[in-house]
1. Scan region 19-41 for residues that are more than 21 Å from residue 84 (Cα to Cα) and either of a type outside the set (D, E, K, R) or more than 13 Å from the chain's Cα centre (by Cα) (or both) and report the count.
2. Taking region 46-66 only, how many residues are charged (D, E, K, R), in a helix (DSSP H, G or I) and either in contact with a strand residue (DSSP E or B) (Cβ under 9 Å, 6 or more places away or on another chain) or exposed (fewer than 15 other Cβ atoms within 10 Å of the Cβ) (or both)?
3. If you scan region 44-54, which residues turn out to be within 13 Å of the chain's Cα centre (by Cα) and touching a residue at least 12 places away in the same chain (Cβ under 8 Å)?
4. I'd like the full set of residues that are outside any helix (DSSP H, G or I) and among the charged types (D, E, K, R), limited to region 16-45.
5. Looking at region 10-18, can you tell me whether even one residue there is at pLDDT 95 or above, surrounded by fewer than 15 Cβ atoms within 10 Å (Cβ to Cβ), under 14 Å from the mean Cα position of the chain (by Cα) and within 17 Å of residue 73 (Cα to Cα)?
Amino acid sequence: MLENMRLDQDEARAAERWLEANQIQQAIMVLLEATAGSEPEGLSVNVTTHIRNVFQRLFRWHRNRGSDERAERFQRYVQNMHGLMQGSI
């Protein structure tokens with residue numbers, strides 16, 4: 001997941017989509033922070049919810065602007081995070 005987010009962030013930066021790159025960076029930081037320290041949180045409901053919310057915003061932003069390919073890409077993140085959340089309940 002981290003590698004995919006980094007690839008999407010690189011693509012956003014290359015296309016000068018700064019808001020998108022910033023939002024993805026926030027998701028990356030949440031994931032990195034959840035795996036750091038002596039007692040890592042891991043993919044808790046809190047972590048998956050935060051990441052899902054980031055990509056939900058990006059999905060809606062691109063969908064509303066007719067950028068279907070990007071919207072679909074971000075919708076997959078949302079669906080994956082939702083699936084992880086359902087599995088942890």
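The values are calculated or read from the model by the stated rules, or taken from the named source; none is laboratory data. Just so it is clear, the model here is predicted, and its values are computed rather than measured. Cβ sites come from the backbone with ideal geometry, for glycine too, and all protein chains shown count toward neighbours.
1. 5
2. Number of matching residues: 1.
3. 47, 48, 49, 50, 51, 52, 54
4. Result: 16, 17, 39, 41.
5. yes
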